[in-house]
Amino acid sequence: MNDSFANSSVRMHRFLLWFRDPGMERDYQIETAVIQRDQARAALVVGVVLYGVHGWMDMWLQGDHQPHFWYVRALVMAAGLAALLSTFRASFVQAGRRILTWTALVPGIGLVVMMASLSGSSFMEYLAGLMLVTIWTFLFIGLSFIRALAVNSLVLAVFNGLFIAGLQPMGESVARYNFYLLSTVLICGISAYALERQRRQLYLRRKELETERNRHRDQALHDHLTNLPNRYQMEQRLDQAMARARRHGLLGAGLFIDLDNFKPVNDLHGHEAGDRVLRQVARRLQACVRESDTVARMGGDEFFVLLEDLSSAERIREVALRIIEVLSTPIPIDASRPDGARALLGASIGVCEFPALADTPEEAINHADRAMYEVKRAGRNGYSFYGPSGPGKVIHPHVVAVENIPMA
């Protein structure tokens, strides 16, 4: 997702303000749904109350109030209350924008319907009410700029339909009415556009910071050469694995692996060649374990394998033997030239089972490290289990070169 945050003007449609990436737009809509719900609740409560108060004032203070106006008002207020109730349902997250769009359309249309039979000062009062509804739609209910613009454009078209259909007399006052309404739409529309654009830019900026923070975290937790977890992350995973093993009575093990005969690779072929070999070693180790297990680079030519949820210690021996076999198979110095020079390595492996023989990640690593050095002293290319009294017997298996090991 990094590239998608390069430039907000490229990522957003200039007028509609939608993100061009559908996935990003979907994530934005989901993330802002809760904020929109809370804002819609406040706007709907205020809108229903003010619509009712306007009707009460109209009935008591205006001489040409029509009885059927209350039917219109009742429908408008019922629509607002129904929308308010919908904000308490889980489905509002998906359908909220459509519900609010239709709800925002109703009060404006209701006012226009009542204006069809008004004149004089009463007409101007309702015109002021229509302008308030425009402000409410753009800046309060929480609709996107483009939805609010569509709603108010439709209301404006229906309003002008009164004059086209002859329900209100056509005259020079029509231009004045439209000036007031269009000015309100223009001012509120520009404000709504600027606010939404700013919200989306802040969303993009926050995602940029999250992406950058995650990238730094990954760099801090991974070895840059092999892309394996580093020692710090391994200790975290080992701590979690030991806690699960104690809680559920499971068996786990840590294998400390030191490559044999790696120094000559650097001395004879250079450190760049050594890095290529280490990357191949990392891939071979990953091929020896399950996806649920973890392979980490501890530093230099040392690796660590975390095995979890084991049924018996026999599985540990199988993995140790497999690792010795695949690392004893000659490794091309340059994977693109399989017939070129090869590195002849081996593996000294120390094993520590947990939770029986270690209570902390540090203990498990230290015990496995001690067992590994016992293998080194005993001739290398083997494995040893750490026991209650220290490193156990060193096993030097008969190594047969393994074919079809991933080289790249």
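The values are calculated or read from the model by the stated rules, or taken from the named source; none is laboratory data. All values reported here derive from a predicted model rather than from experimental measurement. Heads up, the Cβs are rebuilt from the backbone with ideal geometry, glycines too, and the neighbour counts pull from every protein chain shown. In case anyone asks, the SASA skips ligands and DNA or RNA and just uses the protein heavy atoms, side chains included. Shrake-Rupley method; radii C 1.70, N 1.55, O 1.52, S 1.80 Å.
Of all DSSP-defined beta bridges confined to the chain, some 90% are antiparallel rather than parallel. Stretched out straight at 0.36 nm per residue, the stretch from Arg377 to Ser292 would grow longer than its current Cα-Cα span by 27.4 nm. Relative to the 2.2 N^0.38 Å rule of thumb, region 107-192 has a C-alpha radius of gyration ratio of 1.04.
What FRET efficiency do you get for Gln201 and Ser389 if R0 is 56 Å and r is their Cβ-Cβ distance, rounded to the nearest 0.05? After rounding, the FRET efficiency stands at 0.30. Please report the spacing between the Cα centers of region 280-298 and region 309-348 in Å, no decimals. Answer, in whole Å: 10. Against the compact-protein benchmark of 2.2 N^0.38 Å, the Cα-based radius of gyration of region 55-152 scales to 1.17. The Cα-based radius of gyration and maximum Cα-Cα distance (Dmax) for region 41-103 are 13.9, 45 Å.
Electrostatic bookkeeping for Lys376 treats Lys and Arg as +1 and Asp and Glu as -1; over the other residues with beta carbon under 9 Å from its beta carbon, the sum is -1. A simple spin-label model places pseudo-atoms 7 Å from Cα toward Cβ; at Arg342 and Leu16 they are separated by 5.9 nm.
Put simply, the amide H of Trp18, placed in the peptide plane, has neighbours under 5 Å in His13, leaving out anything fewer than 5 places away on its chain.
Taking other residues whose beta carbon is less than 14 angstrom from the beta carbon of Gly392, and scoring Lys, Arg as +1 and Asp, Glu as -1, yields +2. The convex hull defined by the C-alpha atoms of region 188-253 has an orientation-averaged projected area of 7.8 nm².
When only alpha carbons are used to place a centre, region 114-153 and region 200-221 end up 41 Å from one another. Protein heavy-atom surface of the chain, 1.4 angstrom probe: 59% of the accessible area is carbon and sulfur, with nucleic acids and ligands not counted. Among the chymotrypsin sites (Phe, Trp or Tyr not before Pro) found in region 79-138, those both in a DSSP coil and sparsely packed, with 13 or fewer other Cβ atoms within 10 Å of their Cβ, are Phe88. In a shell of Cβ-Cβ distance under 15 Å around Asp38, excluding Asp38 itself, what net charge do Lys and Arg (+1) and Asp and Glu (-1) give? My count for the surroundings of Asp38 gives +4. For the chain, the solvent-accessible area with a 1.4 angstrom probe is 51 square angstrom per residue.
Couplings 3J(HN,Hα) for region 311-319, derived from phi with the Karplus relation 6.51 cos²θ - 1.76 cosθ + 1.60 (θ = phi - 60°), are 7, 7, 5, 5, 4, 4, 4, 4, 5 Hz, where x marks Gly and Pro.
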